[in-house]
Amino acid sequence: MNIQYKILTLIILATILTTTGYSQIKEEILTIGKKKNPDVNVKNIEKKKTEPDKYPPSNENNSIKKDSLNYSIIDVPAVSEFQTSQLSPQSLNTDFTNSYYDNHAKIGYGTRNTVLGDLYFNYPVNNNLTGIKVSALSTDGPKNKYDWKTSSSTIDAEAFYIFKLKTGKLHFAGNYTYNGTNYYGLNTPEIHANPGMNLRQTTNQLTFKSDYNMYSNNYLDKAFLKAGYMWDKFDSNETFIDLKAKLAKSSENANLMLPGLNFGVEADVLFNYTYTHFGLDTKNKYSFLTAGFSPVLRISSQGSYLKVGANIAYNGEWEGNNTKIFFHPKAEFLFNAAREINVYAGIDGGLKLTNMSDLFSENPYLYSNQLLRPTNILYKVYGGVKGDIDEGIKYEAEGSFSKAENLYFYMRNPYDLTFPSILKPYNRLNTFNAVYDDGNIITVKGALQYFWKSDLGIGLEGEYHNYDLDELKHAYNLPNYRVGIDANYKALEDKLKLEAKLFFTGERKSNYFYYDITSLSIKEGITTLDSYIDLNFSASYKLLTNFSIFINGTNLFSKNYERFQGYKVLGAQVLGGILVQF
C-alpha cells in the first residue's frame, strides 16, 4: 500500500503548485452508446434553486458558495449494491455541476470491519480556490459466505485549483484512484480452492483533468481535457487522452423573416486516443483514435423547439489497421403544450469506445485480457412526455427503440477448463469476459418526484428493457427491469437529516461452470440469478455547529444476492461515525 500513498503525495504536491483554475461544467458527451443498466435518475429532473454565475466575478473571497452536506445512495463493490454515505468512496470525479462541501473530516466504522474515511479541505487564494479531497473505504466483504478472502478497498484522492477569469472559469485537477478486490466467486471450489490461496486483483489510475467554461455563450461554450494512465496487478495498462469542446452561437434577433422564431447553432467536437495493452494470455493490444463532429441547428419559440443535426465520427484501430467513418442522424422536436405537458420525440445515434477503464469500473472481476470493440448505436428512435405539476411534482416518461452493433455483456470466462498445474488468482473459473453481439433494444422508463417545501422529497423511478440479440440467447447479467423508491427528509432546522432508498432488480441470466462427477469433467450451464430487493437508510444529527454524528444501514433485508454470478454481496451492514466541519 506504501506505493499508493507515495503516488498520492506526488499528485497533491504537483497540482497545488499549478497556477491555473477550475470550472464547474459537466463533461459533454458527443456520442451515444450502450450503457449498462441504464438509469432513470429522478434526481436529473429535480427542481433546484441555483444562482447563475455573476459576471464579472466577485473579488470577495466569501463569494464562494458553501453548500450543506447532501446524502446520496451510491454503489460499492463486493458489498450491498448501494450504500448511503455523505461522500462517495468511489471515484471523486470532477462533475462540475456539483458544488464542493465545506472543509470537513469524516470517519466511520461498521460491521464486517468496514472503515470509511473522508477529508475535504480548500483554501481561498484571492478570488480563486485550491484544495484536496480524499476518500477511502475498506471492508472484509461477505467472508461469512466463503472460506477465503473476500475483502475490498478503495482510495480516491484529488488535488484541484479553481481559477476565475473575466471571461470564464478554468480548472486543473490531479486524481489518483486505487481499487483492490478478490476474485472470490469460484464456480468449482472443490477443484480450484486451496488453503491460503491468493485471489487478489488491484487497479490504479492517475488522471489529469482540466476544463474551461465561458460565462457568455459566444462561440466557445465549454472545453474539456482528460488524460490518464491505468494499470493493474497483472501488467495490463491503458493510456488515454480525451478532448471535448462545445461550440454554440445563438441570436434572438435572427428571425430570418419568421417573427417569433429564434435560431441557434450548436456543435460538439471530440478527439480521443486510447492505447490498451493487456498483460495475460494473448496480451491483446488496441490503439484507437476517434475524432467526431456533431453540428446541430436549433429553432425555438415559446418553449418549443426543433433540433436538426448529425453525429459524424472517424474511428481508427491502428493495431488492426482498420478505419471507418460513421454517420448518425440527430434530431429532436419538443412541443410545449403547457407547463404540465411537454411532448417530445427524436432520433439519435453514435459511437462509444469500449476501454479497459470503463469495463473494470463496471465489473471488477474481469479477466485481465479482453476483446475491445466500439459500440455503434446505428439509431435510437424515442418519444416521451414530461412536465411540472404545480411546484411540487415533476414527471417524465419515455419509450425508445434502438438498433446497435457490438453491444457488450459479461459472461463467465472459461480460461482453463483443465486442471492447471499452477493456480493463479484468475485461473480458477472465477473471472468474466466481455462478449459482443448485435441486436435491438426496446426501452420504457419513467420517473416521478414529489417535493414538499424544502424538507421532504420522494422519488419513484423504473425501467424496462427487452433485448433481441442476433447470436446470444440472453443479455447476460443484465436485468429486464428495475424499480426504485427514494425519500429524504430534513427536520429540526436541518439538524436531523434522513434518507432511505428501496429498490428492486429483476432476474438475470448468466453462464456458469460446474464439475460433473459422472464424466469427471467441467461443464458449462446457464443459470438464473434471483431477483432481489434492497433497503438502505442513512441518518445524521448535528449536535453542535460543526459536529455531527451519522449512521448508515445498507442491505437491511440482509439478502446475499449476486450482482454477478458467484459473487454474493454483504448481508445487512451498519456503519456509524462522526463528521467535523471546519
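The values are calculated or read from the model by the stated rules, or taken from the named source; none is laboratory data. Since we're looking at a predicted model, the values are computed, not measured. Because the Cβ atoms are built from the backbone with ideal geometry, glycine has one as well, and the counts that use them run over all protein chains shown. Keep in mind that these areas ignore ligands, DNA and RNA; they rest on the heavy atoms of the full protein, side chains included. Shrake-Rupley method; radii C 1.70, N 1.55, O 1.52, S 1.80 Å.
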Quiz item: Name the residues in segment 462-499 that are farther than 14 Å from Ile441 by Cβ and charged (D, E, K, R), would you?
Solution: Glu471, Lys473, Arg482, Asp486, Lys490, Glu493, Asp494, Lys495, Lys497, Glu499
Exercise. Determine whether segment 504-527 contains at least one residue that is among the aliphatic types (A, V, I, L, M), open to solvent by 80 Å² or more (accessible area, probe 1.4 Å) and either closer than 26 Å to Ala434 by Cα or modelled with pLDDT of 95 or more (or both).
Key: yes
Quiz item: Which ones in segment 324-337 are touching a Phe, Trp or Tyr at 6+ places or on another chain (Cβ under 8 Å) and open to solvent by 50 Å² or more (accessible area, probe 1.4 Å)?
Solution: Lys324, Ile325, Phe333, Phe335
Exercise. Give the number of residues within segment 451-487 that are under 30 Å from Asp438 (Cβ atoms), outside any strand (DSSP E or B) and acidic (Asp, Glu).
Key: 2
Self-check item: Only one of Glu396, Glu391, Glu405 that is in a strand (DSSP E or B) and either touching a residue at least 60 places away in the same chain (Cβ under 8 Å) or closer than 30 Å to Val569 by Cβ (or both)
Solution: Glu396
Quiz item: For segment 229-241, how many residues meet the condition of being surrounded by 19 or more Cβ atoms within 10 Å (Cβ to Cβ) and closer than 10 Å to Thr274 by Cα?
Solution: 2
Self-check item: Flag for Lys226 being of a type in the set (D, E, K, R), in a strand (DSSP E or B), open to solvent by 30 Å² or more (accessible area, probe 1.4 Å) and modelled with pLDDT of 95 or more
Solution: yes
Quiz item: For segment 450-465, does any single residue satisfy the condition of being of a type in the set (D, E, K, R) and free of Cβ contacts under 8 Å to residues at least 24 places away in the same chain?
Solution: yes
Quiz item: Can you tell which of Ser400, Ser454 is over 29 Å from Tyr567 (Cβ atoms), at pLDDT below 95 and either of a type in the set (Gly, Ala, Ser) or open to solvent by 10 Å² or more (accessible area, probe 1.4 Å) (or both)?
Solution: Ser454
Practice problem: Filter segment 91-117 down to the residues that are closer than 23 Å to Gly553 by Cβ and open to solvent by 70 Å² or more (accessible area, probe 1.4 Å), then identify the one that is modelled with the lowest pLDDT. | Solution: Arg112
Quiz prompt | From Glu391, Glu340, residue being over 26 Å from Glu317 (Cβ atoms), modelled with pLDDT under 95 and in contact with a Phe, Trp or Tyr (Cβ under 8 Å, 6 or more places away or on another chain) | solution = Glu391
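Restricting to segment 363-385, count the residues that are in a strand (DSSP E or B), of a type outside the set (A, V, I, L, M) and touching a Leu at 6+ places or on another chain (Cβ under 9 Å).
The qualifying residues number 2.
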Quiz prompt | Options Leu334, Leu351; residue that is assigned to a strand (DSSP E or B) and in contact with a Pro (Cβ under 6 Å, 6 or more places away or on another chain) | solution = Leu351
Practice problem: Could you please let me know if Tyr344 is more than 23 Å from the chain's Cα centre (by Cα), of a type in the set (Ser, Thr, Tyr) and buried (at least 17 other Cβ atoms within 10 Å of the Cβ)? | Solution: yes
Quiz item: How about segment 500-582: which strands (runs of 3 or more DSSP E) wholly inside it have at least 1 residues that are free of Cβ contacts under 8 Å to residues at least 12 places away in the same chain?
Solution: 508-516, 521-529, 532-544
Exercise. Within segment 242-266, count every residue that is over 14 Å from Ala223 (Cα atoms), modelled with pLDDT of 80 or more and in a strand (DSSP E or B).
Key: 4
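On the given criteria, is Leu378 within 22 Å of the chain's Cα centre (by Cα) and either in contact (Cβ under 8 Å) with a residue 12 or more places away in the chain or open to solvent by less than 50 Å² (accessible area, probe 1.4 Å) (or both)?
no
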Quiz item: Among the listed residues Tyr467, Tyr481, which satisfies the condition of being crowded, with 17+ Cβ neighbours inside 10 Å, of a type in the set (Phe, Trp, Tyr) and modelled with pLDDT of 95 or more?
Solution: Tyr467
Quiz item: Of the residues that make up segment 281-299, is at least one open to solvent by less than 60 Å² (accessible area, probe 1.4 Å), under 30 Å from Phe263 (Cβ atoms), more than 27 Å from the chain's Cα centre (by Cα) and not hydrophobic (A, V, I, L, M, F, W, C)?
Solution: no
